[in-house]
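Visitor: This is the structure, below, for whatever I ask next.
The values are calculated or read from the model by the stated rules, or taken from the named source; none is laboratory data. Here the structure is a predicted model, which is why all the values come from computation and not from measurement. All Cβ positions, even for glycine, are placed from backbone atoms using ideal geometry, and neighbour counts span all protein chains on display. Quick note on the areas: whole protein, heavy atoms, side chains included, nothing else; ligands and nucleic acids left out. Shrake-Rupley method; radii C 1.70, N 1.55, O 1.52, S 1.80 Å.
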Amino acid sequence: MSLLRRGDRGGAVTEIRAALAALGLIGSADDDIVTGRHVALDAFDDELDHAVRAFQQHRGLLVDGIVGEATYRALKEASYRLGARTLAHQFGAPMYGDDVATLQARLQDLGFYTGLVDGHFGLQTHNGLMSYQREYGLYPDGICGPETLRSLYFLGSRVTGGSPHAIREEELVRRSGPRLSGKRVIIDPGRGGDDHGLIVNGPGGPISEADMLWDLGSRLEGRMTAIGMETFLSRPVGRSPSDAERAATANTVGADLMISLRFASLPGESANGVASFHFGNSHGSVSTIGRNLADFIQREVVARTGLRDCRTHGRTWDLLRLTRMPTVQVDVGYITNPHDRELIVSPQARDSIAEGILAAVKRLYLLGKNDRPTGTFTFAELLAHERTVEAARGQA
């Protein structure tokens, strides 16, 4: 679909306004009749712009007031209520929506679903639903139809639970131990292929965003490989897959973690700093380990580079939602800001960022034990710590 923004008019704008009115984020046509207020329903005015931004903020999307593919898809997902349609796992055309999230939450409360409440009807949701149906004497077809819905509503006021996904994530990290050797990580350099991004002047001449991100990913990969980790790149140097394709690659590998490297950009030069993102949505579901890793990466990169701390945030982007392992996206500075740009074009700065990310991964698995002040772990010390842990295990 084409982008819609303030000042646009047409039937698509009317559709967006109706969707936001149904969610209670903007006045409906009926309200306008009661109040006597006249609103051009097909006009993308200031009120609609504010409503779109509020919706984007609530759903963990980029808050820009522009209705593009991601915002339009989220509006459609938000319109679904459990019971309005039959839910099932569909290969090639997966179902998304708030009705799926409600189903996942109910199955989680009942102990049949341990994944994220992400509104995506995948195999894990399908299997959880089948287990529930089998346990409660229903035909186990993995389809949420009228009979299954009636049983869920009957149990709805009687059973509540916690978040087994967070417990499972944390237990996997605890059981895997403090050693980095053998752990599998997907490194995801942004852009690539024909998507070069901005071309800026570096110490050796012009260099593109894609080349700098590939270089940063390679530096991180080299350090991780040297320390004994299994590393995989989400793309070849000559391709720029979509975020959904990058997530699918990570799922195929079956990695323990995924770390995505990007640069931020905005019109103008004032925006600056580093920010880290993990999965988190308006349903209260969050990747606990993703959030912990994002926090460690954020602190390490800020301490080592002096970039402004733009903190960590939960988001519902495809890259974070569709991966089955904890995933963090790091926006390592604004390419559009002169100060940030001067730093990130430096190979030495990219070395510091790579070392900081590796130190953050180590902190994640140390679980607060044998820790060091933020920004002080060097690669040599990380390597020595790995050998010490290995020697201790050999003597045990």
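Visitor: Can you tell me which residue among 331, 340 is open to solvent by less than 50 Å² (accessible area, probe 1.4 Å), at pLDDT 95 or above and touching a Lys or Arg at 6+ places or on another chain (Cβ under 7 Å)?
Guide: On the way: 340 fails: touching a Lys or Arg at 6+ places or on another chain (Cβ under 7 Å).
None of the other options fit; the residue is 331.
Visitor: Cβ-Cβ under 8 Å, sequence separation 6+ or interchain: first residue in the range 268-289 and farther than 29 Å from residue 108 by Cβ, partner of a type in the set (Phe, Trp, Tyr). Which pairs?
Guide: Pairs that qualify, where the first residue is farther than 29 Å from residue 108 by Cβ and the partner is of a type in the set (Phe, Trp, Tyr), are 271/334; 272/334; 273/334.
Visitor: Going through 305, 316, 323 one at a time, which residue ends up being more than 22 Å from the chain's Cα centre (by Cα), surrounded by 19 or more Cβ atoms within 10 Å (Cβ to Cβ) and among the hydroxyl-bearing types (Ser, Thr, Tyr)?
Guide: Values: 316 fails: more than 22 Å from the chain's Cα centre (by Cα); 323 fails: more than 22 Å from the chain's Cα centre (by Cα).
The conditions single out 305.
Visitor: Mind listing whichever residues of the range 343-364 are open to solvent by less than 10 Å² (accessible area, probe 1.4 Å) and touching a Ser or Thr at 6+ places or on another chain (Cβ under 8 Å)?
Guide: Scanning the range 343-364 gives 353, 356.
Per-residue answers, yes or no, for (1) assigned to a helix (DSSP H, G or I); (2) within 28 Å of residue 249 (Cα to Cα); (3) of a type in the set (A, V, I, L, M):
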position	(1), (2), (3)
311	no, yes, no
324	no, yes, no
330	no, yes, yes
339	yes, no, no
348	yes, no, no
352	yes, yes, no
356	yes, yes, no
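Visitor: How many residues does the range 39-74 contain that are among the polar types (S, T, N, Q) and either in contact with a Leu (Cβ under 6 Å, 6 or more places away or on another chain) or open to solvent by less than 40 Å² (accessible area, probe 1.4 Å) (or both)?
Guide: Going through the range 39-74 one residue at a time, the tally reaches 2.
Visitor: While we're here: Those residues that are over 11 Å from residue 186 (Cα atoms) and either open to solvent by 30 Å² or more (accessible area, probe 1.4 Å) or of a type in the set (Val, Ile, Thr) (or both), I need them from the range 253-267; list them, please.
Guide: Residues satisfying the conditions are 262, 265, 266, 267.
Visitor: Give just the number: which of (1) buried (at least 18 other Cβ atoms within 10 Å of the Cβ); (2) part of a helix (DSSP H, G or I) does residue 131 not satisfy?
Guide: With (1) buried (at least 18 other Cβ atoms within 10 Å of the Cβ); (2) part of a helix (DSSP H, G or I) applied to residue 131, the lone miss is (1).
Visitor: Kindly provide the set of residues from the range 275-313 that are under 18 Å from residue 258 (Cα atoms) and among the aliphatic types (A, V, I, L, M), ordered by number.
Guide: 275, 286, 289, 293, 294, 297, 301, listed by residue number.
Visitor: Within the range 75-101, track down each residue that is surrounded by fewer than 17 Cβ atoms within 10 Å (Cβ to Cβ) and either within 22 Å of the chain's Cα centre (by Cα) or of a type in the set (Val, Ile, Thr) (or both).
Guide: Scanning the range 75-101 gives 76, 79, 86, 92, 93, 94.
Visitor: Look at residue 31 and say whether it is at pLDDT 95 or above, over 30 Å from the mean Cα position of the chain (by Cα) and not β-branched (Val, Ile, Thr). Break it down into steps so the answer makes sense when it comes.
Guide: Values: at pLDDT 95 or above: no; over 30 Å from the mean Cα position of the chain (by Cα): yes; not β-branched (Val, Ile, Thr): yes.
Taking the combined requirement at face value, the residue does not satisfy it.
Conditions (1) β-branched (Val, Ile, Thr); (2) under 15 Å from residue 165 (Cβ atoms); (3) touching a Cys at 6+ places or on another chain (Cβ under 7 Å), marked per residue:
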position	(1), (2), (3)
277	no, no, no
280	no, yes, no
297	yes, no, no
307	no, no, no
312	yes, no, no
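Yes or no, residue by residue, for (1) on the phi > 0 side of the Ramachandran plot; (2) surrounded by fewer than 15 Cβ atoms within 10 Å (Cβ to Cβ):
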residue	(1), (2)
189	no, no
197	yes, no
220	no, no
226	no, yes
270	no, yes
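Visitor: Identify, from the list 117, 159, the residue that is at pLDDT below 95, assigned to a loop (DSSP other than H, G, I, E, B) and surrounded by 18 or more Cβ atoms within 10 Å (Cβ to Cβ).
Guide: 117
Visitor: Quick one: in the range 199-217, which of the residues that are part of a helix (DSSP H, G or I) and small (Gly, Ala, Ser) is surrounded by the fewest Cβ atoms within 10 Å (Cβ to Cβ)?
Guide: Here is the first cut: in the range 199-217, the residues part of a helix (DSSP H, G or I) are 209-217.
Going one step further and asking which of them are small (Gly, Ala, Ser), we end up with 210, 217.
Working: 210: 22, 217: 25.
Residue satisfying both the conditions and the ranking: 210.
Visitor: Which of the following residues is open to solvent by 10 Å² or more (accessible area, probe 1.4 Å), more than 22 Å from residue 340 (Cβ to Cβ) and either assigned to a helix (DSSP H, G or I) or not basic (Lys, Arg) (or both): 290, 284? Can you show your working first?
Guide: Details: 290 fails: open to solvent by 10 Å² or more (accessible area, probe 1.4 Å).
Exactly one residue qualifies, and that residue is 284.
Visitor: Between residues in the range 324-339 that are closer than 18 Å to residue 197 by Cβ and residues that are of a type in the set (Ser, Thr, Tyr) and surrounded by fewer than 19 Cβ atoms within 10 Å (Cβ to Cβ), which pairs lie under 6 Å by C-beta distance while being six or more apart or on different chains?
Guide: Partner pairs satisfying both residue conditions: 335/265; 336/265.
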